[in-house]
Amino acid sequence: MVGGTFDPLHDGHKRLLERSFEIAGPGGNVVIGLTTDSFASKKIHPIRPFAIRKEELERYISSGCHPASCRIEPLNDRFGSAPDADFDAIVVSEETLPVAIEINKLRKEKKRKKVDIHQISCVLAEDGRWISSTRIYRGEIDVHGHLMH
């Protein structure tokens, strides 16, 4: 399981998605929680509509060769279906690790099995700082982390 707003879809998101498919492996299934418009509206920058973000995500996934299947589900809050769903692993960045830890606490309270947490390192831009949607929106970097001059 993996989640995010994915707007714009940048190299950091792609690393997160690729790692999710690697972990799922052949015959596995990746559940991608995509933030709904109402949840994403809490961001500090404008977000494109859910349907457009979902289409871009589907286009990226179908352009690769992934041994696992995937399903995109709406994410209305930080946890989505993760506290209750039957799955084995969650893939997060350094930034979202605390959410995964909280999900495992909720799962324990609900007598659900703990899931493995796989943390990827964030992809760095040319300036050595994380690539983020906020930085892209501000015009500091592009989706590949190249500095905008």
For region 9-23, 3J(HN,Hα) per residue [Karplus equation, 6.51 cos²θ - 1.76 cosθ + 1.60, θ = phi - 60°, Hz, x = Gly/Pro]: 5, 10, 4, x, 4, 5, 4, 4, 5, 4, 5, 4, 5, 4, 5
Separation of alpha-carbon centers, region 13-37 and region 64-128, rounded to whole Å: 9 Å
Size of electric dipole in the chain: Cβ of Lys, Arg +1 and of Asp, Glu -1, about Cα centre, debye, nearest 20: 520 debye
Radius 13 Å from Cβ of Ser63, net charge of other residues (Lys, Arg +1; Asp, Glu -1): -2
For Rg and Dmax of the Cα atoms in Å, calculated from these coordinates, the label among (1) 15.2, 52; (2) 14.2, 46; (3) 21.6, 80: (1)
Trypsin sites (Lys or Arg not before Pro) restricted to region 99-149 and DSSP loop, no more than 12 other C-beta within 10 Å: Lys110, Lys111, Lys113, Lys114, Arg138
Selection of trypsin sites (Lys or Arg not before Pro), region 3-58, meeting DSSP coil and at most 10 other Cβ within 10 Å: Lys42
Angle between the chain longest axis and helix 50-63 axis [Cα atoms, degrees, rounded to 10]: 90 degrees
Sorted by Cβ neighbour density within 10 Å, fewest at the top, the residues Met1, Met148: Met148, Met1
Cut-off under 5 Å, modelled amide H: who pairs with Cys122 long-range: Glu94
Proximal aspartates and glutamates to Lys54, defined as alpha-carbon separation beneath 16 angstrom and excluding residues fewer than eight positions away on the same chain: Asp7, Asp37, Glu73
Candidate lysines for bridging to Lys114, where Cα separation is under 22 Å - those fewer than 8 sequence places away on the same chain excluded: Lys105
Helix axis angle, 97-109 relative to the chain longest principal axis, alpha carbon, degrees: 20 degrees
Ordering of 57-63, 141-147 by packing [mean C-beta count within 10 Å, highest first]: 141-147, 57-63
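Every number in this text was worked out from the coordinates using simple rules, so none of it is lab data. Here the structure is a predicted model, which means the values were calculated and not measured. Don't worry about glycine lacking a Cβ; one is built from the backbone with ideal geometry, like all the others, and counts go over all protein chains shown.
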